[in-house]
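Working notes for the structure below.
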Amino acid sequence: MRRDYFTLDVHDVDWVDDGGAPQQPLVRIEFHGPHESLTERLSTGDGELLDAAETDVAFRLVDALDDDEPTGVVGVTNRLTGDFILELNESVENVFRFIRAAREYGRSADVDDGRYRVEISLDGDDLVVYEKQTFLVYDADGNLLRSESLIPSGVEL
C-alpha cells in the first residue's frame, strides 16, 4: 500500500512545552486509497477488525539522528503475523515530540487504557481507535533505540 495514501495529524502535544494540563496525545491517520485494501489489512483471518493488543506502532529512522532534518517511517503492524498494515513518512522531530508528550502523559495521569490514542480513518470516519502504551523506535539498521522509545515500566523486550 502506498505511503502517499496516508496523512498523519497529531493533537494534544503542545501542553508539554506550554506547561498546560496533561492531555492524552492523539495521532489521526487518514487513508485516501482503496478502502478494501486497508480494511483487509486491519482485519483478522475471520474478518474481524484487529484490536489494540493485536497491533504494534513503531518508527524506523531513514536518516542518522545527527542529520539536519532526519526522517523516518511510522509503521503499524499486525502483531500476530508481523505484516505491515500501513507505513508513512514523518520527521524525527514530530515523532519524538509526540513520544515525549505520551511519556509525560503517562507520568502524570492514570494510564490504564493508554499513553496515547491512534485513530485510523477512511474518508473522515473512524475505522479503528486504539489506546496504546508502547511506541518503539529503531535506527536505520534496525536496532532498537530504547531511550527514544516509549516502553512502559515492567515490559521486557
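Structural remarks
- Residues (small (Gly, Ala, Ser) and closer than 13 Å to Val137 by Cα) located in the stretch 65-91: Gly72, Gly75, Ser91
- Cβ separations smaller than 7 Å between residues 6+ apart or across chains give the following pairs from the stretch 85-104 residues that are free of Cβ contacts under 8 Å to residues at least 24 places away in the same chain to residues that are among the polar types (S, T, N, Q): Ser91/Thr71.
- Pairs with Cβ under 6 Å, 6+ apart, first in the stretch 135-153 and touching a residue at least 60 places away in the same chain (Cβ under 8 Å), second small (Gly, Ala, Ser): Leu136/Ala58; Leu136/Ser149; Val137/Ser149
- Taking each residue of the stretch 33-61 that is under 26 Å from Val137 (Cα atoms) and looking for partners that are outside any helix (DSSP H, G or I) and of a type in the set (Ser, Thr, Tyr) with beta-carbon atoms closer than 6 Å, six or more apart or interchain, yields Leu49/Ser43; Ala52/Tyr130; Asp56/Thr77; Arg60/Tyr138.
- Selection within the stretch 93-133 - closer than 28 Å to Ser37 by Cβ and β-branched (Val, Ile, Thr): Val95, Val118, Ile120, Val128, Val129
- Residue count for the stretch 59-83 satisfying the condition of being among the basic types (Lys, Arg) and closer than 16 Å to Leu42 by Cα: 1.
- Only one entry in Asp83, Asp4, Asp67, Asp14 is surrounded by 12 or more Cβ atoms within 10 Å (Cβ to Cβ) and either charged (D, E, K, R) or closer than 25 Å to Ser147 by Cβ (or both), namely Asp14.
- Looking across Thr39, Thr7, Thr77, one residue alone is β-branched (Val, Ile, Thr), modelled with pLDDT under 95 and in a strand (DSSP E or B). It is Thr7.
The values are calculated or read from the model by the stated rules, or taken from the named source; none is laboratory data. Everything numeric in this text was worked out from a predicted model, so none of it was measured. As a convention, Cβ positions derive from the backbone with ideal geometry for all residues, glycine included, and neighbour counts pool all protein chains shown.
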